[in-house]
Amino acid sequence: MATLGDIGVAAAINILTAFAFFVAFAILRLQPLNDRVYFPKWYLKGLRSSPTCSGAFVNKFVNLDFRSYITFLNWMPAALRMPEPELIEHAGLDSAVYLRIYLLGLKIFVPITLLAFAILVPVNWTNSTLEHSNVNFSDIDKLSISNIQMASPRFWTHIVMAYVFTFWTCYVLHKEYELVASMRLHFLATEQRRPDQFTVLVRNVPPDPDESVSELVEHFFLVNHPDNYLTHQVVYNANKLNELVKQKKSVQNWLDYNQLKYSRNQSKRPTRRTGFLGLWGDKVDSIDFYSSEVDKLSKEVSTEKERITNNPKYIMPAAFVSFKNRWAAAVCAQTQQSRNPTLWLTEWAPEPRDVYWDNLAIPFVSLTIRRLIIAVAFFFLTVFFMIPIALVQSLANIEGIEKAAPFLKPIIEEPAIKSFIQGFLPGIVLKIFLIILPTILMLMSKIEGFFSLSELERRSASRYYIFRLVNVFLGNIIAGTAFQQLNNFIHQSANDIPKTIGVSIPMKATFFITFIMVDGWAGVAGEILRLKPLIMYHLKNFFLVKTEKDREEAMDPGSIGFDTGEPQIQLYFLLGLVYAVVTPFLLPFIIVFFALAYVVFRHQIINVYNQEYESGASFWPDVHGRIITALVISQLLLMGLLSTKKAAQSTPFLIVLPVLTIWFHRFCKNRFEPAFKRYPLQEAMMKDTLERTREPNLNLKGYLQTAYINPTFKEEEEDESYTVTEDLEQDNLVPTKRQSRMNTPLPSNYSATSSRYLLEAAE
């Protein structure tokens, strides 16, 4: 069991590790050849160019100005210098609000830590319960609630502090929710024109035997939104085309690599074999081989493009419909379009960068089945995760391996191998699984059929949070308590087992303290080093880069990674709220994490990350809800813990806390969440009026016409000229292809024979 000395040694190791990462980063970022790795955001914005160094040739690669190394940590104050409004303009609201999660952690836990150390720690420390018990404990446990004797009146202190901590957390959450909602509305009101402000996504368009999907969409909106409908773009199933384009790009990279290789050494042309991965087969000229492959794939791409354009089967029953103003788009996105609520489903279109095009080809009827299957799969993945890990870890010990493979006994008994198996193998197995887990969860979200990157990340983050809650937090507490007190379980009566569990839960804080230092301190410091992007950039720069465009594509700025980063933060909120009353000694380690992560990720957002999309902080209700969940869990665990301490008179007073917390959550949900789900018509009208005043001759259709064309063949679309017509003849009837001979009371944007009218035709 870890002692204060063990925690001190672990802290020293992790602090030195983090410091080493910071020193390495400070040195690497000053080198000219690494400039695009550590400042890619400025290159993508066109505000930075490759450093030009005069003098010796080595200056182009190495910074020889030794004075710049003296202030190697000046990036920290520089990261804090940019004000938040400028940060929003520079990186977007999503990035700025994501940073506020770390600030929220500091706002919550700094006052809680001060109160806990001033009141709870002395109350716990001045008891001697553990010293007179037969339970294994350390000095850290003497600072926890475990050191309070049964039925002690001192438990009233913990209950009062639980109320104080809850009220403070709810107060900070309310203020932050109110501020973020205000920031979102202000951002939406002041942001520049974007296609998604005028566009809705229409799904489950009903089939029509007389008209195509494109004609049907146009006619429906000409009839039901006659004054505001502008244009639309149907959705194509271009998944096969996307795969062909990816293959062509991969082959083109190999061609570029071989051409570059030959240009550097023209004495010998590069060769390869035609078999699998170039491992066997006839030896051929690499440049000729890849050139022929590129030509072949180019023809396949052209053929597939033509097939998609001309075959109606590739058109999905969905479309992006754009309107003449934001007000009309808001009305359409937030209302029911048909008497049948399962048809003509409308919602706000994600911005073009946010669209996940592959899932737009999924039929709407299969989405429910997909989500049911994935929900069941995730349940089994979460619940039964401990079973395979337990089996693997049972083999990752000396007895298990010798029993499974007796012939390995002489090798296993070697001291070095024995130490590796006992000390590292179980942890490595668990770490490897957790590394690939986000990829598995993201794949699940894609199979479910979400059509925007932001929704994919939010759903994946939700599942990752649940997984870590069940397996990392609850799993470690339950399993850790059982194994930690195994000897006592065996030798004591069954009636005393709940008592032992109640005492041992706070003792698991030592494990989480070491986890925070490794994952939160050293892990965050390692994020700024960007070792993988550094290696990949230099490999691409050496083997593939021929032009400045190639060099720009070689940069990998990455993004925040909401699907993995936010669940990690939420685990620290959970640990802090659970152990604030139980073992306050854990809280300073949480504060160090939030402070360090805030500085590191602020630097990364300013200089590195290039966010793939902008959702206007639509993820904040999820953040708020998970902190509330952590708060309720902490209250329930404290209630259960005190019930084992014979505090029957004081424990009932805790029942009110979860009720008040859930009521507070419902209040915030009703008060603030609509700002994240709906767009006020008042704001839309104000923005439209202002835009018409400033730009009366705006060619809006030209701006929107190609915004939602699949990027794979966007360049193939022809531009159409457009002039907005405000006054339209109400009696101008255009015939339709439908056999009912109904007409549309507005001119068609496509042809004189492609309109539909849903009212009765006058004879």
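Could you check, for segment 288-296, whether at least one of its residues is in a helix (DSSP H, G or I), small (Gly, Ala, Ser), more than 30 Å from Gln197 (Cβ to Cβ) and in contact with a Leu (Cβ under 8 Å, 6 or more places away or on another chain)?
yes
I'm trying to understand the selection: among the residues of segment 660-695, which are touching a His at 6+ places or on another chain (Cβ under 9 Å), open to solvent by less than 40 Å² (accessible area, probe 1.4 Å) and in a helix (DSSP H, G or I)?
Phe664, Cys668, Phe672
Just checking, does segment 146-155 include any residue being touching a helix residue (DSSP H, G or I) at 6+ places or on another chain (Cβ under 8 Å), free of Cβ contacts under 8 Å to residues at least 24 places away in the same chain and surrounded by fewer than 18 Cβ atoms within 10 Å (Cβ to Cβ)?
No - not one qualifying residue is present in segment 146-155.
Out of the residues in segment 333-344 that are part of a loop (DSSP other than H, G, I, E, B) and of a type outside the set (S, T, N, Q), state the one that is most open to solvent (accessible area, probe 1.4 Å).
Applying the filter and picking the extreme gives Arg339.
Within segment 587-597, identify whether any single residue is assigned to a helix (DSSP H, G or I), free of Cβ contacts under 8 Å to residues at least 40 places away in the same chain, within 25 Å of Cys170 (Cα to Cα) and open to solvent by 10 Å² or more (accessible area, probe 1.4 Å), and answer yes or no.
no
For Phe379, all conditions in the list (1) modelled with pLDDT of 90 or more; (2) surrounded by 13 or more Cβ atoms within 10 Å (Cβ to Cβ); (3) not assigned by the TED database to the domain that holds Trp327 hold save one; what is the number of the exception?
Here Phe379 meets the rest and fails (2).
Looking at segment 618-625, is at least one residue surrounded by 21 or more Cβ atoms within 10 Å (Cβ to Cβ) and farther than 24 Å from Lys175 by Cβ?
no
Among the residues of segment 345-364, which ones are open to solvent by less than 40 Å² (accessible area, probe 1.4 Å) and charged (D, E, K, R)?
Glu351, Asp354
Consider segment 518-569. How many of its residues are under 24 Å from Arg463 (Cβ atoms), in contact (Cβ under 8 Å) with a residue 24 or more places away in the chain and part of a helix (DSSP H, G or I)?
The total comes to 13.
Is it true that some residue in segment 651-660 is closer than 15 Å to Ala189 by Cβ and among the aliphatic types (A, V, I, L, M)?
Looking for residues that are closer than 15 Å to Ala189 by Cβ and among the aliphatic types (A, V, I, L, M), one finds none in segment 651-660, hence no.
Tally up the residues in segment 645-654 that are among the polar types (S, T, N, Q) and either surrounded by fewer than 17 Cβ atoms within 10 Å (Cβ to Cβ) or not in a loop (DSSP other than H, G, I, E, B) (or both), please.
Counting residues in segment 645-654 that are among the polar types (S, T, N, Q) and either surrounded by fewer than 17 Cβ atoms within 10 Å (Cβ to Cβ) or not in a loop (DSSP other than H, G, I, E, B) (or both) gives 2.
For Leu486, work out the one condition from (1) modelled with pLDDT of 70 or more; (2) open to solvent by 20 Å² or more (accessible area, probe 1.4 Å) it doesn't fulfil.
Exception for Leu486: condition (1).
Residue check, Val223 against (1) assigned to a helix (DSSP H, G or I); (2) at pLDDT 90 or above; (3) in contact with a Lys or Arg (Cβ under 9 Å, 6 or more places away or on another chain); (4) buried (at least 20 other Cβ atoms within 10 Å of the Cβ), all met but one. Which one?
(4)
Of these, Tyr598, Tyr613, which one is touching a Lys or Arg at 6+ places or on another chain (Cβ under 7 Å) and of a type in the set (Ser, Thr, Tyr)?
None of the others qualify; the one that does is Tyr613.
Against the condition among the aromatic types (Phe, Trp, Tyr), open to solvent by 70 Å² or more (accessible area, probe 1.4 Å), outside any loop (DSSP other than H, G, I, E, B) and modelled with pLDDT of 75 or more, how does Phe420 come out, does it pass?
no
Between a residue in segment 181-207 that is on the phi > 0 side of the Ramachandran plot and any residue that is among the polar types (S, T, N, Q) and at pLDDT below 95, which pairs come within a Cβ distance under 9 Å, given they are 6 or more apart or on different chains?
Every condition considered, the pairs that remain are Asn204/Thr342.
Which is part of a loop (DSSP other than H, G, I, E, B) and exposed (fewer than 15 other Cβ atoms within 10 Å of the Cβ), of Lys268, Lys246?
Lys268
Quick one: which residue in Leu657, Leu698 is part of a helix (DSSP H, G or I) and at negative phi?
Every option except Leu657 fails the conditions.
Any idea which of (1) in a helix (DSSP H, G or I); (2) open to solvent by 20 Å² or more (accessible area, probe 1.4 Å) is the one Val581 doesn't satisfy?
(2)
Could you identify the single residue in Arg307, Arg264 that is among the charged types (D, E, K, R), over 38 Å from the mean Cα position of the chain (by Cα) and either in the same structural domain as Lys246 (by the TED database) or over 30 Å from Val205 (Cα atoms) (or both)?
Every option except Arg264 fails the conditions.
Kindly indicate whether any position in segment 330-345 is in the same structural domain as Tyr314 (by the TED database), in contact (Cβ under 8 Å) with a residue 24 or more places away in the chain and of a type in the set (Phe, Trp, Tyr).
Yes, that holds for at least one residue.
The values are calculated or read from the model by the stated rules, or taken from the named source; none is laboratory data. Note that the coordinates shown come from a computational prediction; the quantities given were computed from them, not determined experimentally. When we count neighbours, we look across all protein chains shown, and the Cβ atoms used for this are built from the backbone with ideal geometry, even at glycine. Just the protein is used for accessible areas: all its heavy atoms, side chains included, with ligands, DNA and RNA removed. Shrake-Rupley method; radii C 1.70, N 1.55, O 1.52, S 1.80 Å.
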